[in-house]
Structure formats: structure tokens, C-alpha cells
Amino acid sequence: MKSLKSKPDLITYNTVLGILGRAGRANEMLHEFASMKQANIIPDIIAYNTLLNSFRKLGNLDMCLVFLKEMEERGFEPDLQTYFVLIESFGRTGNVEESLRLFADMKHRHIRPSIYIYRSLINNLNKMGKSELASTLLEEMTASLADLVGPKDFRRKHR
């Protein structure tokens with residue numbers, strides 16, 4: 001992006017990160033993220049969630065944890081999308097204990113769960129043979145359906 005006549009801003013970098021992430025071009029995405037910081041553009045929650053989601057899709061949970069830690073060190077609180085990416089990722093790899101720990105952390109921070117997070121947890125718990133715990137979560141989800149976050153809440157808010 002250095003060849004551009006005007007300097008890229010946060011929105012431009014976030015867009016490029018998303019494109020590179022969807023294309024599976026992790027090294028280029030990391031390069032652009034580093035360039036962003038070198039240009040004194042402070043990453044926002046959207047940038048971090050883009051990185052987390054991209055590395056989730058690439059199956060690199062170690063990088064997800066690296067960026068989660070960096071995000072928190074920079075003062076950003078994980079949001080619903082952050083938790084969804086991590087809970088889904090760890091659950092799919094069989095690490096339901098970490099998914100449950102993240103779910104508890106999310107609720108502790110007063111972030112309302114979504115039906116998608118419950119579905120992911122229930123599905124992955126069943127796959128791991130933890131059907132009793134899956135049933136407990138299903139009952140919890142059913143009892144709180146009216147309070148769960150829905151699809152409209154996953155849309156990005158205006159900047």
C-alpha cells in the first residue's frame with residue numbers, strides 16, 4: 001500500500017486485512033498489520049476481530065491467542081464477535097474446556113450470548129460425548145431465548 005498517492009487510514013487497512021484474510025494470505029495480512037502499526041495507525045476491535053477470524057479459518061489458534069492477548073493489552077475488551085470466533089474455534093478442535101472457559105468469561109463480562117454461541121457449544125459438547133452438559137446448556141439457552149443476541153447484533157455498527 002506504500003505505492004498509493006494518499007495515506008491509507010484505519011478503514012483502508014481493515015478492508016485490506018479482511019481481503020487478505022478471506023484469501024488465506026496470512027503472511028501478507030501480518031505484513032499489512034505491521035505496516036499499519038508502523039504508520040502510527042492504532043488497530044481497533046474490527047482489525048483484531050478480522051485477524052482472529054482469519055486465523056480461525058486457517059486453523060491457527062495459536063495466532064488467535066497471540067492477537068487476543070495483544071488486543072487486551074492495548075485496552076480492547078473482547079466483544080461478542082471475538083468470543084464467537086474463539087469459542088467456535090476451540091470447540092471445533094475438541095478443546096471444549098477452553099470454549100467453556102471463554103463462555104464463562106464472556107458472561108462474567110456481561111456480554112449477552114448469542115444463539116450461535118450456544119449452538120456451537122452444544123454441538124461440540126455432543127461431539128465430545130458430553131451430552132449431559134450439552135443438555136444443560138440447551139435448557140439454559142431455551143430459558144433465555146428472549147435475551148439472546150440475534151443476527152442483527154452481529155452487524156458492524158457505524159464507525
(request) Would you kindly identify the helices (runs of 4 or more DSSP H) lying entirely within segment 40-159 that contain at least 3 residues that are surrounded by fewer than 16 Cβ atoms within 10 Å (Cβ to Cβ)? (result) 61-73, 96-108, 115-127, 131-143
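Test Gly18 against the criterion of being of a type in the set (Gly, Ala, Ser), buried (at least 22 other Cβ atoms within 10 Å of the Cβ), assigned to a helix (DSSP H, G or I) and touching a Ser or Thr at 6+ places or on another chain (Cβ under 7 Å), and give yes or no.
Spelling it out, it is not the case that Gly18 is of a type in the set (Gly, Ala, Ser), buried (at least 22 other Cβ atoms within 10 Å of the Cβ), assigned to a helix (DSSP H, G or I) and touching a Ser or Thr at 6+ places or on another chain (Cβ under 7 Å).
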(message) Being touching a Lys or Arg at 6+ places or on another chain (Cβ under 9 Å), within 30 Å of Lys130 (Cα to Cα) and either at pLDDT 95 or above or hydrophobic (A, V, I, L, M, F, W, C) (or both) is true for just one of Leu52, Leu86. Which residue is that?
(response) Leu86
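The values are calculated or read from the model by the stated rules, or taken from the named source; none is laboratory data. None of the values given here were measured: they were computed from a predicted structure. We place every Cβ from the backbone using ideal geometry, glycine too, and count neighbours over all the protein chains shown.
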